[in-house]
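Here's the structure we're looking at; comments come further down.
The values are calculated or read from the model by the stated rules, or taken from the named source; none is laboratory data. Fair warning: this is a prediction, and the values are worked out from it, not measured in the lab. All Cβ positions, glycine included, derive from the backbone under ideal geometry; neighbour counts span all protein chains shown.
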Amino acid sequence: MSISSEITWLLVVAGWGLTHVFSEARERRKEMRAQLDKLYELLFAIEKDARSFHRSECFDIVKASELILKLNTFERILTRILFVDNFIQNIIQLRRSITLYNFDLSIFSQQALDCDILHKIISACEDFEDAIEQYYLRKYPHTFPYIRFWLDQK
Amino acid sequence: MITIIVAEQFSRYPAGRFTKDGPFSGESFRTKHLVPALRGIENIVIELDGVRGYGSSFLEEAFGGLVRLGFLKNDLKTKIALHAKNKSLTTEILEYIEKAVPTSA
């Protein structure tokens, strides 16, 4: 086999390899986007339920239990998709905004639309979404090569 | 050393801040499990996994309440070992211990 044919084969294999890597990266990016979209659906459902809970005229123990379950589910799904250590403060902020104040039978009262609790819930959800999107953009930037293979986790 | 498995020894559905909020409240957990263990034994391991979620009011009352009762923050941090898959739980609990203000102070 001549040197020129060896080089040709080398280029073919390298080209195939690169195409495979970028194809995999594109698929992974699409998968991640789909998983995040589902996660956001759950986040928005939590926000909606939390606002409804705090706006209710009376304490609803079923809604309270469901909110805690949904928050737990949200954290479990997040752990499966992303490196969760980056989002610990966001998780705490979200849980706290919903369940720290006005979340118990003995102290519950209907909250006004412009109250601090509802404002904190909305902020926590927005901050969480922003933090996840920032992570996603660092992992999958809009510019070539469209993926960071060795993304620092912090 | 004593190990408290919340899901088995207390409830899989802990909820509420005060005892009047329900039988599995933060105050109830603190009174029935944490305080007796801390007064009797040196170290406690608390296994937080297996529960269907925690509310922040539960966590604050259970652990922040210890500081309000007079337990020293440094003692609590050395005596209590928190075990949980979700790091957010242990971080949040430690924040409540740190931020709580002793009632007598």
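Inspect the range A:104-111 for any residue being within 9 Å of chain B (Cβ to nearest Cβ) and surrounded by 20 or more Cβ atoms within 10 Å (Cβ to Cβ) and give the result as yes or no.
Yes, the range A:104-111 has at least one match.
Residue under question is residue B:76, and the condition is that it be over 28 Å from residue A:85 (Cα atoms), more than 14 Å from chain A (Cβ to nearest Cβ) and among the hydrophobic types (A, V, I, L, M, F, W, C); does it hold?
On the way: over 28 Å from residue A:85 (Cα atoms): no; more than 14 Å from chain A (Cβ to nearest Cβ): yes; among the hydrophobic types (A, V, I, L, M, F, W, C): yes.
The answer is no for residue B:76.
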Original post:
Here are some residues: B:61, B:42. Which one is closer than 18 Å to residue B:16 by Cβ and in contact (Cβ under 8 Å) with a residue 40 or more places away in the chain?
Top reply: B:61
**OP:** Scan the range A:1-17 residue by residue and report those that are of a type in the set (A, V, I, L, M, F, W, C) and modelled with pLDDT under 90.
**Re:** A:1, A:3
Original post:
Quick one: is residue B:59 within 14 Å of another protein chain (Cβ to nearest Cβ), touching a His at 6+ places or on another chain (Cβ under 7 Å) and buried (at least 19 other Cβ atoms within 10 Å of the Cβ)?
Top reply: no
**OP:** Return a yes/no flag: does the range B:37-54 have any residue that is within 14 Å of chain A (Cβ to nearest Cβ), surrounded by 22 or more Cβ atoms within 10 Å (Cβ to Cβ) and either among the polar types (S, T, N, Q) or touching an Asp or Glu at 6+ places or on another chain (Cβ under 9 Å) (or both).
**Re:** yes
Subject >> Residue match in the range B:12-23 (condition: within 25 Å of residue B:87 (Cβ to Cβ), away from chain A (no Cβ under 11 Å) and under 13 Å from the mean Cα position of the chain (by Cα)) >> reply: no
Original post:
Can you name the residue in the range A:40-82 that is under 10 Å from the mean Cα position of the chain (by Cα) and in contact (Cβ under 8 Å) with a residue 60 or more places away in the chain and, of all such residues, is surrounded by the most Cβ atoms within 10 Å (Cβ to Cβ)?
Top reply: A:43
Subject >> Residues satisfying the stated conditions in the range A:113-126, i.e. more than 14 Å from chain B (Cβ to nearest Cβ) and at pLDDT 95 or above >> reply: A:115, A:116, A:118, A:119, A:122, A:123, A:125, A:126
